[in-house]
1. Subtracting the Cα-Cα distance from 0.36 nm times the residue separation, let me have the gained length for residue 18 to residue 49 in nm, one decimal.
2. Per residue, what accessible area does the chain have, given a 1.4 Å probe and all protein chains present, in Å²?
3. Karplus couplings for region 43-49 from phi (6.51 cos²θ - 1.76 cosθ + 1.60, θ = phi - 60°), rounded to Hz, Gly and Pro as x?
4. Once phi is turned into ³J(HN,Hα) by the Karplus curve 6.51 cos²θ - 1.76 cosθ + 1.60 with θ = phi - 60°, what whole-Hz value does each residue of region 50-55 show in order, with x for glycine and proline?
5. For semi-axes √(5λ) of the Cα gyration tensor in Å, which listed value, [x] 33, 12, 10; [y] 18, 16, 11; [z] 21, 13, 11, comes from the coordinates shown?
6. Compare the Cα positions of 27, 38, 8 along the charge dipole of region 1-58 (+1 at Cβ of Lys, Arg; -1 at Cβ of Asp, Glu; about the Cα centre) and return the one farthest towards the positive end.
7. If I build a Gaussian network model for the chain, linking alpha-carbon pairs within less than 10 angstrom, which residue out of 38, 22, 56 has the largest mean-square fluctuation?
8. To the nearest 20 debye, what is the magnitude of the charge dipole of the chain about its Cα centre, counting +1 on the Cβ of each Lys and Arg and -1 on the Cβ of each Asp and Glu?
Amino acid sequence: MVHHKPHPILSELRSVRLGWKITQEELAYRSGVSHTCISNAERGERSPTFNNVTAIAEALGYEIVLKPKF
């Protein structure tokens with residue numbers, strides 16, 4: 001399996017999770033996203049869907065906001 005560097009958003013969410021001392025299992029419970037998906041995303045093995053990233057962020061008290069680049 002090829003490992004890639006996780007997206008910066010996922011790296012930031014992982015840092016928040018670790019800072020709050022929340023396990024991947026607890027985050028899975030809070031977000032409704034499987035532990036496997038969270039683990040794979042944090043290690044850069046798979047890219048989660050936008051809905052899963054949003055659910056993870058919201059479970060950590062963040063929201064994903066899209067804005068134009070121009």
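1. Working: separation 31, 0.36 × 31 = 11.16 nm, distance 2.16 nm.
Gain in length upon complete extension: 9.0 nm.
2. Per-residue value: 74 Å².
3. 8, x, 7, 9, 9, x, 5
4. Ordered by residue, 3J(HN,Hα) equals 4, 4, 5, 4, 4, 5 Hz.
5. For semi-axes √(5λ) of the Cα gyration tensor in Å, the calculated option is [y].
6. Of the candidates, 8 comes out farthest on the positive side.
7. Taking springs between Cα atoms under 10 Å, the residue moving most is 22.
8. On the way: 9 positive and 7 negative charges, 45 e Å.
Magnitude of the dipole: close to 220 debye.
The values are calculated or read from the model by the stated rules, or taken from the named source; none is laboratory data. Remember, it's a predicted structure, so these values are computed and weren't measured experimentally. Virtual Cβ from ideal backbone geometry, glycine too; neighbours counted across all protein chains shown. Please note that ligands, DNA and RNA were not included when accessible areas were found on the heavy atoms of the full protein model with its side chains. Shrake-Rupley method; radii C 1.70, N 1.55, O 1.52, S 1.80 Å.
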